[in-house]
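The values are calculated or read from the model by the stated rules, or taken from the named source; none is laboratory data. Only a predicted model underlies this, so the values are computations on that prediction, with no experimental measurement involved. Every residue, glycine as well, gets a Cβ built from its backbone with ideal geometry; the counts of neighbours run over all protein chains shown.
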Amino acid sequence: SNLDDQVLDFNRRPLTQKYAFVYADAILFKVHRGHVVTSNSLLVAIGIDPNGRREVLGFDIGDSESKASWMDFFSELKQRGLTNVDIFVSDAHCGLKDAITTQFQGSLWQRC
């Protein structure tokens, strides 16, 4: 559908700006598929450029807030051009924090 195309275009656009700070978080929700209810996570990254402007860098659905889900998400952001982040801000979820320190070595991490 047209909305699906717009979401794909948004999540594939190049990230050419320098983002000094990146906030990362997940929103947990339940999905009903037939008679089965599963838990999913909406992974979100918001960048702040040197002028203080906020921008959603990307979002994705993960089956959980695991390190593997975050690793895949951050890998996509890096392929699109996200580099040299000064500070990541997130909660202390171990999968998220581990993925940040693995994917963005040299970036500082701060708990929100």
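As a summary of the residue check, Val85 satisfies the conditions (1) of a type in the set (Val, Ile, Thr); (2) part of a loop (DSSP other than H, G, I, E, B); (3) modelled with pLDDT under 95 except for the one numbered (3). Note on region 13-37: residues that are surrounded by 10 or more Cβ atoms within 10 Å (Cβ to Cβ), closer than 18 Å to Gly62 by Cβ and not small (Gly, Ala, Ser) total 7. Filter region 35-91 for residues that are within 18 Å of Gln110 (Cβ to Cβ) and of a type in the set (Phe, Trp, Tyr) and give the result. Scanning region 35-91 gives Trp70, Phe74, Phe88. For region 10-26, the criterion of being polar (S, T, N, Q) and in contact with a helix residue (DSSP H, G or I) (Cβ under 7 Å, 6 or more places away or on another chain) is met by none of the residues. For region 1-22, which positions are basic (Lys, Arg) and over 15 Å from the mean Cα position of the chain (by Cα)? Residue satisfying the conditions is Lys18 alone.
Of all residues in region 91-108, those satisfying the criterion of being under 13 Å from the mean Cα position of the chain (by Cα) and small (Gly, Ala, Ser) are Gly95, Ala99. For region 63-112, a residue qualifies if it is aromatic (Phe, Trp, Tyr) and surrounded by fewer than 17 Cβ atoms within 10 Å (Cβ to Cβ), and exactly one does: Trp109.
Among all residues of region 46-61, there is at least one that is assigned to a loop (DSSP other than H, G, I, E, B), on the phi < 0 side of the Ramachandran plot and either touching a Ser or Thr at 6+ places or on another chain (Cβ under 6 Å) or surrounded by 13 or more Cβ atoms within 10 Å (Cβ to Cβ) (or both). Please list, ordered by first then second residue, the pairs with beta carbon atoms under 9 Å, 6 or more apart or interchain, first in region 36-47 and in contact (Cβ under 8 Å) with a residue 24 or more places away in the chain and more than 11 Å from Ala26 (Cα to Cα), second crowded, with 17+ Cβ neighbours inside 10 Å and β-branched (Val, Ile, Thr). From region 36-47, the pairs are Ile46/Val22; Gly47/Val22; Gly47/Val85.
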